[in-house]
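To start, the structure itself, in C-alpha coordinates.
The values are calculated or read from the model by the stated rules, or taken from the named source; none is laboratory data. Model, not experiment: these values are computed from the prediction. Glycine gets a Cβ as well: all are built from the backbone with ideal geometry, and neighbour counts include every protein chain shown. SASA here: full protein model, heavy atoms, side chains in, ligands and nucleic acids out. Shrake-Rupley method; radii C 1.70, N 1.55, O 1.52, S 1.80 Å.
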Amino acid sequence: MGRYLSRDRIAVTAAIAAPAATAAILLPFRASWSNTNVALVLVAVVVAVAAIGNRLAGALAAVSAAAWFDFFFTQPYERFAIAKPADVTTAVLLLLVGLAVSQLAARARRLQVIAITDAGYLAQIHDTAALTQTARSPYPVVDQVKQQLTGLLDLKQCRFEYGSLLGHPPRLEPDGTVMAGHHRVDVEQFGLPAAEIELRTFSNGQFCGRFMLQPKPGSKPSLQARLVAVTLADQAGRALGTSQTAPEDG
(Lines give C-alpha, C1' and ligand atoms only; values in the text may rest on other atoms or scores of the structure.)
Protein backbone atom coordinates (compact mmCIF):
# COMPACT_ATOMS: atom_id res chain seq x y z
CA MET A 1 0.00 0.00 0.00
CA GLY A 2 2.83 2.39 0.85
CA ARG A 3 4.42 1.75 -2.53
CA TYR A 4 1.21 2.76 -4.32
CA LEU A 5 0.76 5.88 -2.17
CA SER A 6 4.32 6.94 -2.95
CA ARG A 7 3.77 6.33 -6.65
CA ASP A 8 0.55 8.36 -6.54
CA ARG A 9 2.36 11.32 -4.97
CA ILE A 10 5.02 11.15 -7.67
CA ALA A 11 2.32 10.93 -10.33
CA VAL A 12 0.48 14.00 -9.01
CA THR A 13 3.74 15.97 -9.05
CA ALA A 14 4.43 14.74 -12.58
CA ALA A 15 0.88 15.66 -13.61
CA ILE A 16 1.58 19.29 -12.78
CA ALA A 17 5.19 19.49 -13.95
CA ALA A 18 5.47 17.16 -16.96
CA PRO A 19 3.05 18.95 -19.32
CA ALA A 20 4.63 22.31 -18.51
CA ALA A 21 8.13 20.93 -19.09
CA THR A 22 7.07 19.30 -22.36
CA ALA A 23 5.45 22.51 -23.57
CA ALA A 24 8.63 24.44 -22.74
CA ILE A 25 10.73 21.91 -24.68
CA LEU A 26 8.44 22.22 -27.71
CA LEU A 27 8.27 26.01 -27.54
CA PRO A 28 11.31 26.65 -29.83
CA PHE A 29 9.51 24.62 -32.52
CA ARG A 30 6.27 26.61 -32.29
CA ALA A 31 6.72 28.17 -35.72
CA SER A 32 7.40 24.88 -37.51
CA TRP A 33 5.10 22.45 -35.66
CA SER A 34 1.36 22.40 -36.16
CA ASN A 35 -0.78 22.72 -33.05
CA THR A 36 -2.25 19.28 -33.77
CA ASN A 37 1.20 17.68 -33.48
CA VAL A 38 1.85 19.54 -30.23
CA ALA A 39 -1.50 18.32 -28.86
CA LEU A 40 -0.66 14.70 -29.75
CA VAL A 41 2.65 14.92 -27.90
CA LEU A 42 0.90 16.36 -24.84
CA VAL A 43 -1.69 13.55 -24.94
CA ALA A 44 1.17 11.01 -24.83
CA VAL A 45 2.51 12.79 -21.71
CA VAL A 46 -0.94 12.63 -20.08
CA VAL A 47 -1.16 8.88 -20.73
CA ALA A 48 2.32 8.29 -19.35
CA VAL A 49 1.43 10.15 -16.14
CA ALA A 50 -1.85 8.25 -15.73
CA ALA A 51 -0.07 4.93 -16.30
CA ILE A 52 2.08 5.42 -13.21
CA GLY A 53 -0.58 7.07 -11.06
CA ASN A 54 -4.31 7.19 -10.60
CA ARG A 55 -7.37 8.94 -12.03
CA LEU A 56 -6.61 12.18 -10.15
CA ALA A 57 -3.11 12.33 -11.61
CA GLY A 58 -4.45 11.64 -15.10
CA ALA A 59 -7.13 14.32 -14.80
CA LEU A 60 -4.63 16.88 -13.45
CA ALA A 61 -2.23 16.08 -16.30
CA ALA A 62 -5.01 16.54 -18.87
CA VAL A 63 -6.00 19.93 -17.42
CA SER A 64 -2.36 20.99 -17.13
CA ALA A 65 -1.65 19.94 -20.72
CA ALA A 66 -4.64 21.88 -22.05
CA ALA A 67 -3.70 24.97 -20.01
CA TRP A 68 -0.08 25.06 -21.18
CA PHE A 69 -1.12 24.36 -24.75
CA ASP A 70 -3.35 27.44 -24.51
CA PHE A 71 -0.64 29.54 -22.84
CA PHE A 72 2.25 28.73 -25.19
CA PHE A 73 0.78 27.63 -28.52
CA THR A 74 -2.40 29.62 -29.18
CA GLN A 75 -2.61 33.29 -30.02
CA PRO A 76 -2.39 35.60 -28.16
CA TYR A 77 0.74 33.86 -26.88
CA GLU A 78 1.59 33.69 -23.17
CA ARG A 79 -1.94 34.49 -22.13
CA PHE A 80 -4.74 32.18 -21.07
CA ALA A 81 -6.88 33.24 -24.01
CA ILE A 82 -7.54 31.81 -27.48
CA ALA A 83 -8.31 33.96 -30.49
CA LYS A 84 -8.77 31.37 -33.26
CA PRO A 85 -11.83 29.04 -33.26
CA ALA A 86 -9.68 26.19 -34.65
CA ASP A 87 -7.33 26.48 -31.66
CA VAL A 88 -10.31 26.44 -29.31
CA THR A 89 -11.41 23.14 -30.86
CA THR A 90 -7.92 21.63 -30.58
CA ALA A 91 -7.58 22.72 -26.94
CA VAL A 92 -10.98 21.25 -26.04
CA LEU A 93 -10.17 18.00 -27.85
CA LEU A 94 -6.81 17.82 -26.09
CA LEU A 95 -8.58 18.08 -22.74
CA LEU A 96 -11.31 15.56 -23.63
CA VAL A 97 -8.98 13.00 -25.20
CA GLY A 98 -6.49 13.44 -22.36
CA LEU A 99 -9.21 12.80 -19.79
CA ALA A 100 -10.54 9.77 -21.68
CA VAL A 101 -7.23 7.99 -22.19
CA SER A 102 -5.97 8.90 -18.73
CA GLN A 103 -9.00 7.22 -17.17
CA LEU A 104 -8.35 4.16 -19.30
CA ALA A 105 -4.70 4.02 -18.29
CA ALA A 106 -5.57 4.50 -14.62
CA ARG A 107 -7.92 1.50 -14.72
CA ALA A 108 -5.04 -0.61 -15.96
CA ARG A 109 -2.47 0.55 -13.40
CA ARG A 110 -1.71 -3.05 -12.49
CA LEU A 111 0.18 -3.17 -15.77
CA GLN A 112 3.72 -1.87 -15.43
CA VAL A 113 3.68 0.41 -18.47
CA ILE A 114 0.78 1.59 -20.61
CA ALA A 115 1.47 4.47 -22.96
CA ILE A 116 -0.24 5.03 -26.27
CA THR A 117 2.56 6.76 -28.14
CA ASP A 118 2.13 5.46 -31.71
CA ALA A 119 1.32 8.47 -33.90
CA GLY A 120 -1.16 6.48 -35.99
CA TYR A 121 -3.11 5.38 -32.92
CA LEU A 122 -3.16 8.91 -31.52
CA ALA A 123 -4.33 10.29 -34.85
CA GLN A 124 -7.27 7.87 -34.88
CA ILE A 125 -8.28 8.90 -31.36
CA HIS A 126 -7.97 12.57 -32.30
CA ASP A 127 -10.00 12.13 -35.50
CA THR A 128 -12.83 10.33 -33.72
CA ALA A 129 -12.89 12.86 -30.89
CA ALA A 130 -13.14 15.66 -33.45
CA LEU A 131 -15.99 13.88 -35.25
CA THR A 132 -17.77 13.38 -31.91
CA GLN A 133 -17.70 17.14 -31.36
CA THR A 134 -18.97 18.05 -34.82
CA ALA A 135 -21.35 15.25 -35.85
CA ARG A 136 -25.04 16.05 -35.58
CA SER A 137 -25.95 12.42 -34.87
CA PRO A 138 -24.11 9.38 -33.48
CA TYR A 139 -24.38 7.46 -36.76
CA PRO A 140 -21.16 8.80 -38.37
CA VAL A 141 -19.20 8.27 -35.14
CA VAL A 142 -20.38 4.69 -34.72
CA ASP A 143 -19.66 3.94 -38.40
CA GLN A 144 -16.16 5.42 -38.17
CA VAL A 145 -15.37 3.48 -34.99
CA LYS A 146 -16.55 0.24 -36.63
CA GLN A 147 -14.10 0.83 -39.49
CA GLN A 148 -11.29 1.73 -37.11
CA LEU A 149 -11.89 -1.35 -34.94
CA THR A 150 -11.83 -3.59 -38.00
CA GLY A 151 -8.34 -2.38 -38.88
CA LEU A 152 -6.97 -2.09 -35.36
CA LEU A 153 -7.99 -5.58 -34.23
CA ASP A 154 -7.67 -7.40 -37.57
CA LEU A 155 -11.37 -8.28 -37.77
CA LYS A 156 -13.48 -10.00 -40.41
CA GLN A 157 -16.31 -7.66 -39.54
CA CYS A 158 -17.61 -5.38 -36.82
CA ARG A 159 -21.22 -4.50 -36.09
CA PHE A 160 -22.97 -2.42 -33.46
CA GLU A 161 -25.84 -3.57 -31.25
CA TYR A 162 -27.94 -1.01 -29.41
CA GLY A 163 -29.97 -2.00 -26.36
CA SER A 164 -29.97 -4.72 -23.75
CA LEU A 165 -27.26 -7.34 -23.41
CA LEU A 166 -27.92 -10.80 -24.84
CA GLY A 167 -25.87 -13.91 -24.12
CA HIS A 168 -22.41 -14.08 -22.57
CA PRO A 169 -19.86 -13.69 -25.37
CA PRO A 170 -16.15 -13.09 -24.71
CA ARG A 171 -15.58 -9.46 -23.74
CA LEU A 172 -12.86 -6.90 -24.35
CA GLU A 173 -12.40 -5.17 -20.99
CA PRO A 174 -11.45 -1.51 -20.31
CA ASP A 175 -7.90 -2.53 -19.38
CA GLY A 176 -7.37 -4.26 -22.73
CA THR A 177 -7.73 -7.82 -21.47
CA VAL A 178 -10.12 -10.28 -23.13
CA MET A 179 -12.29 -12.40 -20.83
CA ALA A 180 -14.08 -15.59 -21.85
CA GLY A 181 -16.38 -16.38 -18.95
CA HIS A 182 -14.20 -16.10 -15.84
CA HIS A 183 -10.99 -16.85 -17.71
CA ARG A 184 -8.53 -14.35 -19.15
CA VAL A 185 -7.53 -15.07 -22.75
CA ASP A 186 -3.80 -14.89 -23.48
CA VAL A 187 -4.19 -12.91 -26.69
CA GLU A 188 -0.45 -12.55 -27.25
CA GLN A 189 0.01 -16.34 -27.31
CA PHE A 190 -3.29 -17.74 -28.57
CA GLY A 191 -4.89 -14.80 -30.34
CA LEU A 192 -8.47 -13.58 -30.04
CA PRO A 193 -11.27 -16.12 -29.52
CA ALA A 194 -12.93 -17.38 -32.71
CA ALA A 195 -16.36 -16.38 -31.41
CA GLU A 196 -17.71 -12.83 -31.57
CA ILE A 197 -16.31 -10.57 -28.85
CA GLU A 198 -18.28 -7.74 -27.29
CA LEU A 199 -16.89 -4.29 -26.60
CA ARG A 200 -19.36 -2.34 -24.51
CA THR A 201 -19.98 1.40 -24.75
CA PHE A 202 -21.12 3.66 -21.93
CA SER A 203 -22.12 7.29 -21.48
CA ASN A 204 -21.98 8.78 -17.98
CA GLY A 205 -21.97 5.27 -16.57
CA GLN A 206 -25.06 4.20 -18.53
CA PHE A 207 -24.85 1.30 -20.98
CA CYS A 208 -25.43 2.45 -24.57
CA GLY A 209 -24.71 -0.63 -26.65
CA ARG A 210 -21.85 -2.79 -27.78
CA PHE A 211 -19.59 -3.39 -30.73
CA MET A 212 -19.56 -7.06 -31.77
CA LEU A 213 -16.13 -8.02 -33.05
CA GLN A 214 -15.53 -11.02 -35.35
CA PRO A 215 -11.76 -11.66 -35.48
CA LYS A 216 -9.90 -13.17 -38.39
CA PRO A 217 -8.26 -16.55 -37.63
CA GLY A 218 -5.01 -16.02 -35.74
CA SER A 219 -5.65 -12.34 -35.03
CA LYS A 220 -3.31 -11.19 -32.24
CA PRO A 221 -3.73 -7.41 -31.77
CA SER A 222 -1.27 -5.82 -29.36
CA LEU A 223 -2.26 -4.48 -25.96
CA GLN A 224 -1.82 -0.96 -27.31
CA ALA A 225 -4.22 -1.69 -30.16
CA ARG A 226 -6.79 -3.13 -27.74
CA LEU A 227 -6.51 -0.10 -25.46
CA VAL A 228 -7.00 2.24 -28.42
CA ALA A 229 -10.06 0.17 -29.40
CA VAL A 230 -11.56 0.70 -25.94
CA THR A 231 -10.84 4.44 -26.13
CA LEU A 232 -12.55 4.67 -29.52
CA ALA A 233 -15.58 2.82 -28.14
CA ASP A 234 -15.68 5.36 -25.30
CA GLN A 235 -15.83 8.14 -27.91
CA ALA A 236 -18.77 6.38 -29.57
CA GLY A 237 -20.46 6.16 -26.16
CA ARG A 238 -20.04 9.89 -25.72
CA ALA A 239 -21.70 10.50 -29.09
CA LEU A 240 -24.54 8.12 -28.23
CA GLY A 241 -25.08 9.84 -24.92
CA THR A 242 -25.89 13.12 -26.66
CA SER A 243 -28.56 11.55 -28.85
CA GLN A 244 -31.98 10.19 -28.06
CA THR A 245 -31.95 8.07 -31.24
CA ALA A 246 -30.52 4.57 -31.36
CA PRO A 247 -28.19 3.80 -34.26
CA GLU A 248 -29.31 0.96 -36.48
CA ASP A 249 -27.66 -2.41 -35.96
CA GLY A 250 -25.08 -3.53 -38.45
>> Keeping all protein chains in the complex and leaving out DNA, RNA and ligands, what accessible area do you get for Thr150 with a 1.4 Å probe, in Å² to the nearest 10?
In response: 40
>> For the chain, take the longest principal axis of its alpha carbons; what is the angle in degrees between that and the long axis of helix 85-107, to the nearest 10 within 0 to 90?
In response: 60
> Under 28 Å from the Cα of Lys156, which lysines turn up, not counting those fewer than eight places away in the same chain?
Replying inline: Lys146, Lys216, Lys220
> Quick one: if you stick a label point 7 Å off each Cα along the C-beta vector at His168 and Glu188, how many nm between them?
Replying inline: 2.8
> Which percent of Cα-Cα pairs in the chain sits in each 5 Å bin, short to long?
Replying inline: 1, 7, 13, 17, 17, 16, 13, 8, 5, 2, 1, 0
>> Given Cβ point charges of +1 (Lys, Arg) and -1 (Asp, Glu) and nothing else, what value in debye, to the nearest 20, does the dipole of the chain about its Cα centre take?
In response: 460
> Roughly what angle does helix 2-26 make with the longest principal axis of the chain, taking Cα atoms, 0 to 90 degrees, to the nearest 10?
Replying inline: 60
> By accessible area of protein heavy atoms, probe 1.4 Å, what ranking do Phe160, Phe80 get, highest first?
Replying inline: Phe80, Phe160
> Toward the positive end of the charge dipole of the chain, about the Cα centre and with charges on Cβ (Lys, Arg +1; Asp, Glu -1), which of Tyr77, Ala67, His168 goes farthest?
Replying inline: Ala67
> Which whole-number percent of Cα pairs in region 162-218 have a distance greater than 16 Å?
Replying inline: 43
> For Phe207 and Met179 in the same chain, what is the full-extension length gain: residue separation times 0.36 nm, less their Cα-Cα distance, in nm?
Replying inline: 8.2 nm
>> Step by step: find N for region 26-86, compute 2.2 N^0.38 Å, then divide the Cα radius of gyration by it. What's the final number?
In response: 1.17
> Using alpha carbons only, how many degrees (0 to 90, rounded to 10) separate the axis of helix 55-73 from the longest principal axis of the chain?
Replying inline: 50
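Kindly sort Ser164, Ser137 by accessible area of their heavy atoms, largest first, with the probe set to 1.4 Å. Don't skip to the end; give the middle numbers.
Details: Ser164 95, Ser137 40 Å².
Ranked list, largest accessible area first: Ser164, Ser137.
Tell me, in nm to one decimal, what length is gained between Phe29 and Ser222 on full extension, where the rule is 0.36 nm per residue of separation less the Cα-Cα distance? It would help to have the intermediate numbers written out before the result.
Working: separation 193, 0.36 × 193 = 69.48 nm, distance 3.25 nm.
Fully extending the segment from Phe29 to Ser222 adds 66.2 nm.
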>> I'd like the accessible area for Glu196: 1.4 Å probe, protein heavy atoms, all chains in place, Å² to the nearest 10.
In response: 50
> Taking the highest mean first, how do the peptides 217-224, 29-36, 126-133 order by number of other beta carbon atoms within 10 angstrom per residue?
Replying inline: 126-133, 217-224, 29-36
>> Can you give me the C-alpha center-to-center distance between region 23-87 and region 145-200, rounded to a whole angstrom?
In response: 33
